[in-house]
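Down below is the structure, laid out as structure tokens.
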């Protein structure tokens, strides 16, 4: 055996030590096809199909996806569209692209989760069962805390508005809001509108503010708050603080919602979801 042949066999042996087995065939079913009438672009639809396969275990963690060329041929799309579909999965952290080897499903790591406000938003959208009552509205001197929150000068006057929100005839949310008492400010009029508090959650466009920040905190009910919500004093609720900013990025209003846990369960999803 010549030295050249030995060297060739050694190279082949090294090459075979790396996983070079082909990825799974792109054998998509009849249900897994592109809907040309859908508003979703082709790459987004294919990405959804691949994600569904990952969630069902068809593509298990650590396994290799069909090649971009194979996916393109199966759906009759361009290689660019196929690449975009895989790119979405990579951006979402579901797959790893390894140069020269292919695309592999990541082994899931439950290290991060986020919470949404969907359950609260559904309450506000249920207009037939929703009732909002203004139980107090007055002008008062701002406390030190409100001065700080709204970046006011000491002794500034603010308007206070308190609302009680009922769902299915049951009090579920108590809201307090403060804003600078300026008669010409559009925010003062807006505060008295019972729809404004739902504007952010219902994604409506109110011209009186530019943006808002929400902060969720645990809280215990005092005697007054408990009586309004028909709960026991000291019972735990969620306090959803809100700060609205005008178009100069100055805080225009500050307040909070006290929300019963039954109307705002915090649900976190981890792993692969395709609903």
Among the residues of segment 41-67, the number that are modelled with pLDDT under 85 and farther than 16 Å from residue 92 by Cα is 2
Could you list, in sequence order, the residues of segment 210-240 that are touching a residue at least 60 places away in the same chain (Cβ under 8 Å) and part of a strand (DSSP E or B)? 214, 216, 240
Test residue 9 against the stated conditions and say whether it is modelled with pLDDT under 80 and not in a loop (DSSP other than H, G, I, E, B). yes
The condition from (1) under 22 Å from residue 125 (Cβ atoms); (2) modelled with pLDDT under 85; (3) touching a helix residue (DSSP H, G or I) at 6+ places or on another chain (Cβ under 9 Å) that residue 194 misses is numbered (3)
The condition of being in contact with a helix residue (DSSP H, G or I) (Cβ under 7 Å, 6 or more places away or on another chain), assigned by TED's automatic domain parsing to the domain that holds residue 129, more than 24 Å from residue 127 (Cβ to Cβ) and modelled with pLDDT of 90 or more holds, among 156, 252, only for 156
Pick from segment 69-93 the residues that are out of contact with any helix residue (DSSP H, G or I) (no Cβ under 7 Å at 6 or more places or on another chain) and within 11 Å of residue 42 (Cβ to Cβ): which of them is modelled with the lowest pLDDT? 76
Please enumerate the residues belonging to segment 29-40 that are more than 23 Å from residue 93 (Cα to Cα) and either free of Cβ contacts under 8 Å to residues at least 24 places away in the same chain or touching a helix residue (DSSP H, G or I) at 6+ places or on another chain (Cβ under 6 Å) (or both). 29, 30, 31, 34, 35, 36, 37, 38, 39
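Checking the condition at pLDDT below 85 and touching a helix residue (DSSP H, G or I) at 6+ places or on another chain (Cβ under 8 Å), which residue from 120, 130 passes?
Criteria check complete, one pass: 120.
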Would you check which residues across segment 173-191 are at pLDDT 75 or above and not in a loop (DSSP other than H, G, I, E, B) and list them? 173, 174, 175, 176, 177, 178, 179, 180
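The values are calculated or read from the model by the stated rules, or taken from the named source; none is laboratory data. Because the structure is a prediction, the values reported are computed rather than measured. Positions of Cβ are backbone-derived with ideal geometry, glycine not excepted, and every protein chain shown enters the neighbour counts.
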